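Right, one structure below, let's go through it.
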Amino acid sequence: MSLTCVIGIQWGDEGKGKIVDWLSKHHDLVVRFQGGSNAGHTVIWGSQKFILHLIPSGIFHKGVKCVIGNGVVIDPAQVLKEIKELTMRGIAVKNRLFISDRAHLVMPYHKVLDNLAEIRKGDAKIGTTGLGIGPAYVDKCSRLGLRMGDLYQPDYFKKCLKQNLDEKNWLITNLSPYKSFKLEKVYRDYQNYARKLASYVCDTRVLIQEALEKNQRILFEGAQGTLLNVDFGTYPFVTSSNSDISGVCAGTGIAPQKINRVIGIIKAYATRVGSGPFPTELSGEMEERLRRIGGEFGATTGRARRCGWLDLVSAKYAIEINGVTDLSIMKLDVLSQLKKIKVCVAYKYKNKTYKHFPGNASVLENCQPVYKEFLGWNEDVTTIRKYQQLPLKARRYLNFITTSLGVKIKMVSVGSERNQTIVL
Ligand code: IMP
């Protein structure tokens, strides 16, 4: 039995899409377990570039089945858009994509409420993707949410939708210039989505269980990263789901002891989109350089990502939380040609040195990074496919990471193409 999880170790955008795509050919099932269309997984396939927000990256491999688990919040219009785009480009989706009947729906009012909350917060805004993810999870926890399966019980769906609209319309019309949502219109739109998605919706837990019984190989694809996790991330500047290993069980119905491999994905430097503390954040020319060479612009919103040095304090924390067994270091090529590379090994806060990641965002905001400096390598690494052929200075940098984190590096990515990968 092989159950592997791919988890982001930083604030998302580590390059999980590339690794999931790479690993998918060795798996029978690829499963998303949390988040929603706030995720943007970029996959380069031949000469084509795909950005998937909801459908797992495994869809590019024939014979692989893809599951959107119960822990995901689903904007049905977005899934339909992705199905259409993939189909148009010759990728079969029918009988390969399965959507949990327990997954919650993102409704149009969630997007409005998301944006209103951000406006109300002013300078303290989170910088959300504005796609209604937070409000959809709020409804899930306050037991008001509508689920994929409810779409197929039209009377029940309409009754619950009305209950929601009574509350949401009151909020929206009292707090903003937005117009209220009309029950019949939202109902019709969602019944229309339901018809188009009917052949994809099922009890995915049963599907996963059957795959387990057949000894099939399952890959769980995380979205966002551990530092955006609602419990262990830089709260309140986080997303609203468990983007760490804990989300796998809650978001799919798999038992924890079945998981036998956890691949932590980490960039050779750090990025973050949206607000919140980021101790190793750079500014000026160096930040611009990393952003330009790394193409650090959000796959979902197009926003410029904040860039900084690798932070081993937060990485160690994320590795412990997830029980990472293997590490994949992404975008090593972006650091080539730098004279010096820094890596954060501790924080200074009020004249004391800390090796542990603090739980409070205002403490983290005032932590000063303690850096270790490395000499850069003045060579192009994008054509290298063997670890021993990497420049000595690059290997020194990677060896320091692996020793500090206590986890073996199993993959190093040196470019965005599938084959620009060093497997150890
Ligand atoms: P939300 O998930 O849209 O509510 O946004 C909450 C925070 O998570 C914001 O800072 C977003 O920029 C960030 N975020 C959400 N999804 C992603 C992602 O896939 N990559 C990176 N940041 C994300």
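The values are calculated or read from the model by the stated rules, or taken from the named source; none is laboratory data. These figures come from a predicted structure and were not determined experimentally. Here the Cβ positions follow ideal geometry from the backbone for every residue, glycine too, while neighbour counts run over all protein chains shown. To get the accessible areas, we keep the full protein, side chains included, count just its heavy atoms, and leave off ligands, DNA and RNA. Shrake-Rupley method; radii C 1.70, N 1.55, O 1.52, S 1.80 Å.
At a glance:
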quantity	calculated
Zero-based 10 Å bins, Cα pair distances in the chain, whole percents	4, 22, 31, 25, 13, 4, 0
With every protein chain in place, the chain: carbon and sulfur % of accessible area (1.4 Å)	52
Protection proxy ranking of 332-345, 195-208 - average other beta-carbon atoms within 10 Å, highest first	332-345, 195-208
FRET efficiency, 1/(1 + (r/R0)^6) with R0 45 Å, evaluated for ASN192 and LYS393 via beta carbons	0.20
Counting DSSP beta bridges with both ends in segment 1-104, the antiparallel % (nearest 5)	35
Cut-off 12 Å between beta-carbons: net charge of the residues surrounding VAL370, Lys and Arg +1, Asp and Glu -1	+3
Net +/- balance of residues flanking GLY149 in space, Cβ distance below 11 Å, scoring K and R +1, D and E -1	-1
Candidates ALA77, ALA103, ALA315: whichever shows maximal mean-square fluctuation once the chain is modelled as a Gaussian network with Cα springs under 10 Å	ALA77
Above-threshold pairs, the threshold being 25 Å between Cα atoms, out of LYS125/LYS339; LYS331/LYS386; LYS94/LYS162; LYS331/LYS408	LYS125/LYS339; LYS94/LYS162
The chain: most fluctuating residue of PRO369, PRO108, PRO177 per GNM, C-alpha cutoff 10 Å	PRO177
Relative contact order [Cα under 8 Å, 6+ residues apart], segment 200-353, whole percent	22
14 Å beta-carbon shell around ILE245, net charge (K/R +1, D/E -1)	-2
C-alpha center-to-center spacing [segment 358-387, segment 232-310] in angstrom	14
Directionally averaged shadow of segment 104-196, computed from the convex hull of its alpha-carbon atoms, nm²	6.1
Rg to Rh, two decimals, where segment 266-423 supplies the alpha carbon set and Rh follows Kirkwood	0.95
Listed residues GLY359, GLN389, VAL238: farthest to the positive end of the dipole of the chain (Cβ charges)	GLN389
Cα centroid of segment 145-200 to Cα centroid of segment 1-74, whole Å	28
